[in-house]
């Protein structure tokens, strides 16, 4: 409990200091964390797993619990304070230590990750709704490059978040949010196979599960917002 409260305090401080890249007031709750990591447990054989933006590690806990004895996990985190927490957990947490030699903590933006390494499962905690359309396109393009054919991508967004933000936004911000809606709708229409609504979370969230083609299949190349014509699917 003491460790969880410390994580909450750190997360809130980082939310206030770096809102755009943190994007949440509190770490993901247990239900959301389990939903985010659920595709790790359902896959067979040795897996290479990538978690983008793990923060203080609540989703990582669930990923580690679902890892097989030869699975490998890369944690890509930009925030220095969160990186320190993650590396400390690798030293102190009994469950993390058991897989410690197969877990890497990498401090960098995901766009700089070497895409010669391919992943079977990708879990993202990045607050895409906080970013520019151009950055969202870059991140999604990189995720596609990092994915093996048939790789699973899981990420979340808060329920109705874009609609709620649009109600109180200036025109430029509404255009940005509409652009992100179009970008994500394109991904959902092509690759989404399931989504879960996690009501017991602050705030409630959708978890999207996509099965990606990888480089050997059809690619999801960035498309200028003004050229996107896919009708939006129901999303947050």
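Each value in this text was obtained by applying a stated rule to the coordinates, not by laboratory testing. Note that the structure is a prediction, hence the values are computed from the model and not measured. We place every Cβ from the backbone using ideal geometry, glycine too, and count neighbours over all the protein chains shown.
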- Distance in nm between label sites at residue 175 and residue 95, each 7 Å beyond Cα in the beta-carbon direction? 4.7
- Message: Given points 7 Å out from each Cα along the Cα-Cβ axis, report the residue 111 to residue 194 separation in nanometres with one decimal.
- Response: 3.3
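Please give the peptides 50-58, 89-97 ranked by average Cβ packing (other Cβ atoms within 10 Å per residue), highest first, as a rough proxy for protection.
Numbers: 50-58: 25.1, 89-97: 14.4.
Most protected by this proxy first, the peptides run 50-58, 89-97.
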